[in-house]
Amino acid sequence: MQVPTTPQKTWSRSAERIIGVINRDPMTAPHAARNDAVLAVVSAGLAVALALLVDDGRRPDAVGWVLLLACNVPIAWRRRQPLLVLLAVVACVAPYHALDNTHSAPTPVTYIALYTVAVTGRPLRTVLVGAGVIGLSVSVMLTVSMHEALEVLRISGWVVAVLFCGVDVRVYRQYVASIVERAERAERTREEEARRRVAEERLRIARDLHDLLAHSITLIGVQTSVAAHVLSADPERLDRATVAKALDDIAETCRSARGELRTTLEVLREHGPPDARGPLPGLDGLSDLAEAARLAGARVEQTVRVGQAPPAVGAAAYRIVQEALTNAVRHAGPEPAVHVALDERQGALHLSVRDDGTGPAPGGTPGFGLVGMRERARSVGGTLDAGPRAGGGFEVTAVLPLTMTGERAG
């Protein structure tokens with residue numbers, strides 16, 4: 001069943017088409033050549049009708065008809081060369097008027113040419129063209145009679161109105177184009193920001209997974225080695241309590257890793273809010289890290305002289321200490337002495353993790369631990385240094401600002 005179209009809907013669609021034509025750049029409009037050719041034909045038909053119906057001069061003779069029809073032909077190229085088209089129209093219209101033919105007949109084509117120059121050119125050029133056309137028209141009409149010259153001056157306001165109409169349409173189109181450009185630029189900025197946030201979130205998740213898995217797997221490996229050593233050292237005098245403790249430590253490490261892994265991967269759930277990151281680890285979890293390292297055989301001493309830290313800074317400090325302890329357990333040798341120190345000085349958190357171990361074996365494949373720690377520090381506006389100590393061992397130091405503003409605080 002066809003729904004009848006109401007006059008209001010018809011008017012609305014017509015208004016939208018008109019606004020679309022006004023907003024469209026005439027130089028890039030579709031079917032421009034075809035539309036201009038049709039406009040030239042319509043303008044020529046209107047000129048013929050005025051020449052036959054209006055009596056403000058003698059009816060054109062053969063030369064007059066040729067000039068009248070010829071001045072409409074250039075309109076078919078008005079968008080390509082508007083100024084040349086206007087000159088061609090004037091070249092035909094001037095002798096037409098000088099022969100005292102019907103003066104109203106060329107008016108439509110003249111206004112079309114003037115409007116095209118105004119809507120496609122700069123305002124200064126439009127003013128100069130308007131002054132030149134009016135001056136030339138008055139000069140031509142003076143060759144006919146003073147009355148006709150005064151009549152041209154009287155109706156020159158229409159020429160000015162057409163020119164100003166073209167200038168206004170041009171300014172309006174530029175305004176609309178600037179709005180569209182700003183909207184597109186804002187859309188591109190939003191897309192780039194979204195891509196940047198996705199990349200940052202992927203990097204954050206990668207760092208969290210690396211820290212979590214490296215720490216947990218290292219501890220599990222050490223605890224498994226302890227159990228294996230106890231089982232193989234003296235099977236006849238098996239220390240069941242030591243084996244049971246090692247297995248309990250492995251189970252506890254697995255439970256802790258599973259819970260933290262669930263928190264880290266929560267951001268990937270489709271039904272969760274876009275900014276859901278779960279609870280961030282903080283400074284209150286440093287004692288658990290130290291205890292886990294002790295269970296793995298390290299002799300850890302911890303000194304914390306920090307009151308309150310922003311969540312992001314606390315999480316960064318936690319991950320740096322976690323990775324530093326993991327590296328110490330993995331590379332510092334058996335039962336390394338590790339000292340963890342955190343204190344607040346001059347509005348910043350100063351962090352240090354140093355051990356007395358032998359360090360990683362030369363020639364080994366470098367991992368992502370140090371890179372991840374530096375990225376952690378930079379993410380909150382801090383710095384991190386890591387390297388061998390002068391007296392032996394390895395040291396990681398970081399300075400993290402406690403005052404955060406803008407995006408880093410989020």
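Every number here is computed from the coordinates shown, using simple stated rules; none is lab data. The shown structure was predicted, so the numbers you read here are calculated from the model rather than taken from an experiment. Cβ placement follows ideal geometry from the backbone for every residue including glycine, while neighbour counts extend to all protein chains displayed.
Computed quantities for the displayed model
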read-out	value
FRET efficiency for Ile155 and Leu52, using Cβ-Cβ distance with R0 set to 25 Å, rounded to 0.05	0.75
Label-point separation, Glu252 to Leu84 (7 Å along Cα→Cβ), nm	9.0 nm
Region 100-146 shape via C-alpha gyration tensor axes, a/c threshold 1.5	oblate
Potential extension, Ser145-Asp61 segment - 0.36 nm per residue separation minus Cα distance	28.3 nm
Three-way shape label, region 48-185, alpha-carbon gyration tensor, a/c 1.5	prolate
Segment Tyr172-Gln308, extension gain: residue separation times 0.36 nm, minus the distance between their alpha carbons	43.3 nm
Highest to lowest packing among 195-203, 298-306, 316-324, scored as the average C-beta count within 10 Å	316-324, 298-306, 195-203
Ranked by how many other beta carbons lie within 10 Å on average, peptides 81-87, 185-191 from highest	81-87, 185-191
